[in-house]
Each structure stands twice: as structure tokens, then as C-alpha cells.
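Inspection log for the structure reproduced underneath, given as C-alpha cells.
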Amino acid sequence: MSDTHVIIIGTGQEGRIAAEIFTAQNQVVLGFLETGKEISTRDLNDISVFAVAGDEDSLMVLHDQNIQYLVTNGEIKKRIEVYEAIAEITKRPATNAQHPGAYVSSYAAIGFGNIFNFGVCINPNVQVGDNNHFHSGVTVEPDVKIGNYCTINAGVRIGANVELEDQVFIGTGAVIHPGIKLGNGCLIGAGSVVLREVPAGATVHGNPAMPIG
């Protein structure tokens, strides 16, 4: 892909990752936008940073159908808030960012606004919703269903036939055994080994993963 113009919403870790991905694919990053807050820099990795109010007037540039956008906020609730506001203005979904070193099977069903960093492996017959972040080295085995607004951190392994509902957070290096369901908004601690279903809103940690809090 080349000669595509994109604006990145958010200047955090995920935003910088997305910028590198787009640049590697010869896409032109027009700038970073930060909504609703002061910015500490006007330049990030040689890309301009702009502070905007987040209303329709300040986001007029996104009305241009030739400009794609990606919401990269790491904090899930903020990601939802920003994406819903921008999607209401633009009336179109965000683009995906797939690192050249990531593998996404042609037999996987992929939504919009997702980030696939280096070393991610999405196997056949995986279903991925919208606005999910897959960090480096994540492996998703076949027949997994992933909802919307999930964050899957580096080195996570997700076994076959697992289901993630929306807004699931999985910490670095966790292992999700096959056939497990992770409920809406649950949190899996770093390094955990999940052997059984995790209810919506629960936080689990350890090997085997047990509820905490």
C-alpha cells in the first residue's frame, strides 16, 4: 500500500507503534492528534503533533474521504470515548495497522481500527472485531473469537476456540488455554495461565489464574 494518508489519534506507545507501521508501508502520516488535553511536544518522531478540542470543527480534516485515521489510545475506556466521537463525525470506520512482520491469515475475519504489531500471528478462522490492540509476539490459534476494544499485550498465547468478549485486557506473557471464555471487561494479569472461564469484570492472576480483589 502506498500514497495513503493517515492521521493517528493519540501519542502514546500505541500511537508511536502505528506511526512506524504506516511509515514502513509507505503510507504518509500527516500527524498525531491529541484530543482534549495540552500537549508537551509539537513533534514526535519527526511527525507533527496537534492538540484539538475533539469537536466536529476541530476534526474537519477527517471528513476528507482520502484521509484514513486510527485511534490508538491505550486505555480502553478512553479508546471507546474517542473512537465513538470521531466515528460519529466521519461516518466511517478506522483503518487497520498491520506491521510487515505480522502474519494475519487470509482466512481470518478482521474488523476495523486494529493494531497488529511485529511478530503477531493470527491463524485461520479467527474472528477479530474492531479497535483491538495486539502487541509484539502475540499468537492467536485457530477458531478464536475476539470482540471489540481488547488489549492483548506482548507475548500472549491464546489457544484454539477461545472467546474474548469486549474490552478484555490480557497482560504480558499470559497463556489462555483452549476453549476458555473471557467475559466482558475482565483483566488477566501478566504471566497468568488461564485454565477456566473468567467472568465479566473479574480480575485474575497467577498460575493457575485465580480471582483477586
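Counting just the residues of segment 145-154 that are outside any loop (DSSP other than H, G, I, E, B) and free of Cβ contacts under 8 Å to residues at least 40 places away in the same chain, which one comes out surrounded by the fewest Cβ atoms within 10 Å (Cβ to Cβ)?
Lys145
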Practice item. Of all residues in segment 26-65, count the ones that are modelled with pLDDT of 80 or more and either assigned by TED's automatic domain parsing to the domain that holds Phe134 or touching a strand residue (DSSP E or B) at 6+ places or on another chain (Cβ under 8 Å) (or both). Key: 8
Revision key, fill the gap. Of (1) modelled with pLDDT under 85; (2) out of contact with any helix residue (DSSP H, G or I) (no Cβ under 7 Å at 6 or more places or on another chain); (3) within 17 Å of Gly113 (Cα to Cα), Ile89 satisfies every one except (2)
Check your understanding: Out of all the residues in segment 181-196, is one or more out of contact with any helix residue (DSSP H, G or I) (no Cβ under 8 Å at 6 or more places or on another chain), surrounded by fewer than 20 Cβ atoms within 10 Å (Cβ to Cβ) and under 23 Å from Ala97 (Cα atoms)?
Key -> no
Exercise for review: Scan segment 168-184 and give yes if some residue there is assigned to a loop (DSSP other than H, G, I, E, B) and among the hydroxyl-bearing types (Ser, Thr, Tyr), otherwise no.
Suggested key: yes
Revision key, fill the gap. Scanning segment 102-144 for residues that are outside any loop (DSSP other than H, G, I, E, B) and either β-branched (Val, Ile, Thr) or more than 15 Å from the chain's Cα centre (by Cα) (or both) gives Tyr103, Val104, Ala109, Ile110, Ile115, Ile122, Val128, Thr139, Val140
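The values are calculated or read from the model by the stated rules, or taken from the named source; none is laboratory data. From a predicted model like this one, the values you see are computed outputs, not experimental measurements. For neighbour counting, all protein chains shown are included, and Cβ atoms are generated from backbone atoms with ideal geometry for every residue, glycine included.
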